Amino acid sequence: PQIYDCARYFERKGMHEQACALFMRCNSHEKALSMCLCVLEKNEENSSVMNETLISLVAHLKGKLSADVKHRIIDKLHTMGEELIMVDVICTFAIVNERLRLIFDKNVILTEEMVEMIFKGGTENKEQIRMVAIKCVEQGNHRLASKLYTMIGEKKNGMKCLIK
C-alpha cells in the first residue's frame, strides 16, 4: 500500500518514470502500462525510458491485456518506428491470420527475422506463406520472397524472384 501511495504521489507530480517503476514494483502493471501509453502518446519527457518500460511491461503482461490496449500498444510501437518489436508484440497477441492482417495494415517492411516470428511454431498453411512472399516481392525483398516460395514448393516463382 505504501509503495502504491508513493507511485500515486509521483503520478500527481508528473514524475511518470518514477511512478511507473513503483507501480511495477507493487504489481500494478496495468496502471504502469496505461501511464506509459499516455506519456508516449503525449510525447512527454523521458520518452526513451518510457519506451523501454513499455516493452518490459508488454513482455510481462502478454496474455493479460484487452484488445483495445493491445491495439494501442501496436499503434504506439508503429508510430515510434519500433517495427521489429511491434511484430514481436503482434505475434504474442494473435494467431497467424490476425498477425498477417495487422502487419500488412501497418505496411511493415518485412525482414527475415520478422517472417520467422510470424511463423514461429511452424505453419503448413501454404496460402499464408504465399501471401507473405507476395508482400516481400511488392517490397522488393526478392531474396526473402524466393526463400518463401521455395519453402512451399513453388520453385518456379522462387527462381523468378531471384532473377529480379
Selection within segment 141-152 - under 11 Å from I129 (Cα atoms) and either open to solvent by 40 Å² or more (accessible area, probe 1.4 Å) or not in a helix (DSSP H, G or I) (or both)
K147, T150, M151, I152
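Suppose the filter is assigned to a helix (DSSP H, G or I) and either under 25 Å from A21 (Cβ atoms) or open to solvent by 90 Å² or more (accessible area, probe 1.4 Å) (or both); does V58 pass it? Quick ask: steps written out before the conclusion?
Working: assigned to a helix (DSSP H, G or I): yes; either under 25 Å from A21 (Cβ atoms) or open to solvent by 90 Å² or more (accessible area, probe 1.4 Å) (or both): yes.
Considered against the rule, which asks whether it is assigned to a helix (DSSP H, G or I) and either under 25 Å from A21 (Cβ atoms) or open to solvent by 90 Å² or more (accessible area, probe 1.4 Å) (or both), V58 comes out as yes.
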With the structure loaded, tell me whether R8 is open to solvent by 30 Å² or more (accessible area, probe 1.4 Å) and at pLDDT below 85 or whether it fails that test.
no
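Name the one entry in E98, E82 that is in contact (Cβ under 8 Å) with a residue 12 or more places away in the chain and acidic (D, E). Quick ask: steps written out before the conclusion?
Values: E98 fails: in contact (Cβ under 8 Å) with a residue 12 or more places away in the chain.
Only one candidate passes the filter, namely E82.
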Counted residues in segment 61-84 being within 10 Å of the chain's Cα centre (by Cα), open to solvent by 50 Å² or more (accessible area, probe 1.4 Å) and under 18 Å from E41 (Cβ atoms) come to 4
Within the set of pairs 6+ apart or on separate chains, which have a first residue in segment 113-134 that is more than 15 Å from V87 (Cβ to Cβ), a second that is in a loop (DSSP other than H, G, I, E, B) and modelled with pLDDT of 90 or more, and C-beta atoms under 7 Å apart?
K126/I152; I129/I152; R130/I152
Any residue in segment 60-80 that is acidic (D, E) and farther than 20 Å from I103 by Cβ?
no
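Residues of segment 122-140 being open to solvent by 50 Å² or more (accessible area, probe 1.4 Å) and closer than 15 Å to I95 by Cβ, which ones? Break it down into steps so the answer makes sense when it comes.
Step one: of segment 122-140, the residues open to solvent by 50 Å² or more (accessible area, probe 1.4 Å) are 122, 124-127, 130-131, 134, 138-139.
Answer for segment 122-140, where residues must be open to solvent by 50 Å² or more (accessible area, probe 1.4 Å) and closer than 15 Å to I95 by Cβ: G122, E124, N125, E127, M131.
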Mind counting the residues in segment 44-55 that are of a type outside the set (A, V, I, L, M) and open to solvent by less than 60 Å² (accessible area, probe 1.4 Å)?
4
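The values are calculated or read from the model by the stated rules, or taken from the named source; none is laboratory data. Keep in mind that what you see is a predicted model, and the values were worked out from it rather than measured. Every residue, glycine as well, gets a Cβ built from its backbone with ideal geometry; the counts of neighbours run over all protein chains shown. For accessibility, only protein heavy atoms count, side chains too; no ligands or nucleic acids. Shrake-Rupley method; radii C 1.70, N 1.55, O 1.52, S 1.80 Å.
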